[in-house]
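Trainee: My questions will all concern the structure given below.
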Amino acid sequence: MRTDIFARLDREPEPPKIEVPRMTWTRLALFGGTSAFYLVIVVAVMLSTWLVTLDWKIMLFRPYQQWPELHAFLDYYVVLGQRGPTAVMVAAWLGWRSWRQHTLRPLLSLGAALLLLNVTVGAVKLGLGRAGPHYATQVGSAELFAGGDIFPSGHTANAVVTWGILAYLATTPRARRYLSALSAVVALGVGLTTVYLGTHWLSDVLLGWAAGLVILLALPWCEPVIAVVEARILALRDRLREQLRSRRGLVPSLPVATGRPVPGLFPPRPAADGEPVRAPATAAAGGGRGTAAARGAGLPGSQLAAQRAHHPAAHPTHSAHHAVRSERGPSGPAGSRRPPHSRPATGG
């Protein structure tokens, strides 16, 4: 059974080297030509030229009545130009590409294009205030400054930008050609569908095509800003990740000894053969008597007397001092730090 069918679903181990589009002379010439066409459409509508006459002829022809059998299908097809559903679909695809290629550029490019679309198209819509065919009041009028918001066509411009961004972000020339043709067909169909349904004038659609194309052609100028925003987002992500790792890596420290040893923390070492048995460390906490008993435990009387004679610390006046030393911490057993047989006992 083949298992390489889903190989492309895996995340790429290293970010691919994606060539970022630049503002070439060809793109700059297209941008200038499209911008000039945009201005021509606006001026032609404002001056009520032959373009406005053509708008009225198509509206009075009422295509939705001439071909009613297409109405049901085109009602669904026009959704391909609606901003909400198309933005969700394209954002899901570009989000998967961002995760797979270790980069935020696809999503940031889509966000920049939609932001430019809302600002430019929305400003012209509200500024000119053209009313739609269903709300027209005077035959032959451009219906400008009538409180409408349909010039240019938002559906058409959104279809150009949303589906055209896929061709803009293509990584191979072949994919770019195919996606460019597909986005052009979709945008052309959405624009003509709005004219068929009677929701837009023909000049609205022409200006919508020009508005969307201008935004796509201007995206290379936004690439430096997109790179800066991506670097800052990734740096913030790394900083938050390091903070989270440092919080998870903290180990609770043990309680610090305050003079009294913790029972059971340092168990007594078993005595070897012939080694005198020593009292546990907890006996040192009782005072000087416990310390003296721990010193003298397991020693004959003669050796004990010799140790007391040769070591002034064995005097009862110093027992309290050694008791305090033994209580300083659980680092060793209580009692004298000198081995019991370190010096031979002489005399008596």
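Trainee: Starting from the Cα of Trp93, move 7 Å in the Cα-to-Cβ direction to define the label point; list residues of the range 149-165 whose amide nitrogen is under 11 Å from there.
Mentor: 162-165
Trainee: For the range 104-225, what is the Kirkwood hydrodynamic radius in Å, using each pair of distinct C-alpha atoms?
Mentor: Working: mean 1/r = 0.0665 Å⁻¹.
After inverting the mean inverse Cα-Cα distance, the result is 15.0 Å.
Trainee: Go through the range 134-149 residue by residue and turn each phi into a ³J(HN,Hα) via Karplus (6.51, -1.76, 1.60, θ = phi - 60°); whole Hz please, and just put x for glycine and proline.
Mentor: Values, residue by residue: 6, 10, 5, 10, 9, 5, x, 8, 6, 6, 7, 6, 10, x, x, 8 Hz.
Trainee: Quick one: Debye curve from the alpha-carbon atoms of the range 125-166 only, equal weights, vacuum; give me log10 I(q)/I(0) at q = 0.20, 0.31, 0.32 Å⁻¹ to two decimals.
Mentor: Per q value, in the given order, log10 I(q)/I(0) is -0.62, -0.98, -1.02.
Trainee: Now a separate question. Under a 5 Å amide H to amide H cut-off, with H placed in plane at 1.01 Å, what residues pair with Ile150 once short-range neighbours are removed?
Mentor: Arg130
Trainee: Relative contact order for the range 78-221 using alpha-carbon pairs under 8 Å, separation at least 6, rounded to a whole percent? Walk me through the intermediate numbers first.
Mentor: Working: 200 pairs, mean separation 40.5, N = 144.
That works out to 28 percent.
Trainee: If you don't mind, another one. List the chymotrypsin sites (Phe, Trp or Tyr not before Pro) within the range 98-177 that fall in a DSSP loop (any state other than H, G, I, E or B) and whose Cβ has at most 16 other Cβ atoms within 10 Å. Provide the component values of the computation, followed by the final result.
Mentor: Details: sites: Trp99, Tyr135, Phe145, Trp163, Tyr168; in loops: Phe145.
For chymotrypsin sites (Phe, Trp or Tyr not before Pro) across the range 98-177 that sit outside H, G, I, E and B with at most 16 neighbouring Cβ atoms in 10 Å, the list reads Phe145.
Trainee: Shifting gears a bit: Quick one: Karplus J couplings for the range 26-35, per residue in order, coefficients 6.51, -1.76, 1.60, θ = phi - 60°, nearest Hz, x for Gly and Pro?
Mentor: Ordered by residue, 3J(HN,Hα) equals 5, 5, 5, 5, 5, 4, x, x, 5, 5 Hz.
Trainee: Further, regarding this structure: Separation between the Val228 and Tyr76 pseudo-spin-labels, each 7 Å from Cα along Cα→Cβ, expressed in nm?
Mentor: The answer from the label model is 4.6 nm.
Trainee: Let me ask you something else. Can you give the percent of C-alpha pairs in the range 50-124 whose distance is more than 20 Å? Walk me through the intermediate numbers first.
Mentor: Values: 1621 of 2775 pairs.
For the range 50-124, the share of Cα pairs beyond 20 Å comes to 58 percent.
Trainee: Considering only C-alpha atoms, what is the centroid distance from the range 74-89 to the range 135-173, in Å?
Mentor: Cα centres, the range 74-89 to the range 135-173: 13 Å.
Trainee: Using a 1.4 angstrom probe with every protein chain in place, what is the largest-first accessible-area order of His134, His200? List each step's numbers first, then the result.
Mentor: Working: His134 115, His200 20 Å².
Highest to lowest solvent-accessible surface, that is His134, His200.
The values are calculated or read from the model by the stated rules, or taken from the named source; none is laboratory data. Only a predicted model underlies this, so the values are computations on that prediction, with no experimental measurement involved. Every residue, glycine as well, gets a Cβ built from its backbone with ideal geometry; the counts of neighbours run over all protein chains shown. The accessibility values were calculated without ligands, DNA or RNA, using every heavy atom of the protein model including side chains. Shrake-Rupley method; radii C 1.70, N 1.55, O 1.52, S 1.80 Å.
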